[in-house]
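Visitor: Just passing along the structure, written as structure tokens.
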Amino acid sequence: MPNAATIKKAKRDLAQGKSQSTAAGEFIREEMHHIREGKHGAKNTKQAIAIGLSQARRAGIAKKPGATASKKTHKKAAQDLSRAGKRPDPKRSWSSLQARRKEPHQAASFAALSRQAKGAAEKRRRQGDATSPSSAARRAAQTRESEFRARPA
């Protein structure tokens, strides 16, 4: 169960008009903090992010999976959203935590997070995704260029 402070921060983000992803990021941040402090572990960084997203959905943040997400991911997201606001089953929650305590804690290291981010960016770049940072920069440069040409002398 996420902290009340994390839920409050996420709700504030949404109230400020920020995206669902930004609000869900608060839960991911909290999850990384838990792994670093030794509360539990994760097999890899991707799993740690997935745990944070799942908690965000169960807290009522309607973060939809990406367009390329698998059927299984879409199903899990729908399941989490349907559980929003309901108390988790204590037995299931406890056993899940016990399993995660046995996992390594390297998933939340700065090096692991950096590798994950770089890998995701590279994957977006290879796919020619419109959301990649380089694509955004290219579009911005074209916009500036067209505005410069459109100005009267």
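Every number in this text was worked out from the coordinates using simple rules, so none of it is lab data. Computed from a predicted structure; not experimentally measured. Please note: Cβ atoms are built from the backbone with ideal geometry, for glycine as well, and neighbour counts cover all protein chains shown.
Visitor: Of these, Gly60, Gly66, which one is among the small types (Gly, Ala, Ser) and under 27 Å from Arg124 (Cα atoms)?
Guide: The match here is Gly66.
Visitor: Among (1) among the charged types (D, E, K, R); (2) over 20 Å from Ile35 (Cβ atoms); (3) surrounded by fewer than 13 Cβ atoms within 10 Å (Cβ to Cβ); (4) touching a residue at least 12 places away in the same chain (Cβ under 8 Å), there is one condition Lys64 misses while meeting the rest; what is its number?
Guide: The one condition Lys64 does not meet is (3).
Visitor: On to the next question. Cβ-Cβ below 6 Å, separation at least six or inter-chain, first residue in region 4-27 and surrounded by 19 or more Cβ atoms within 10 Å (Cβ to Cβ), second outside any helix (DSSP H, G or I): which pairs?
Guide: Ile7/Ala59; Ala10/Ile61; Ala23/Ile61; Ala24/Ile61; Ala24/Lys63; Phe27/Pro2
Visitor: Now for a separate question. Mind checking whether some residue in region 84-102 is within 19 Å of the chain's Cα centre (by Cα) and among the aromatic types (Phe, Trp, Tyr)?
Guide: No, there is no match, as no residue in region 84-102 is within 19 Å of the chain's Cα centre (by Cα) and among the aromatic types (Phe, Trp, Tyr).
Visitor: Exposed (fewer than 13 other Cβ atoms within 10 Å of the Cβ), of a type in the set (D, E, K, R) and touching a His at 6+ places or on another chain (Cβ under 7 Å), is that true of Arg101?
Guide: Yes, satisfied.
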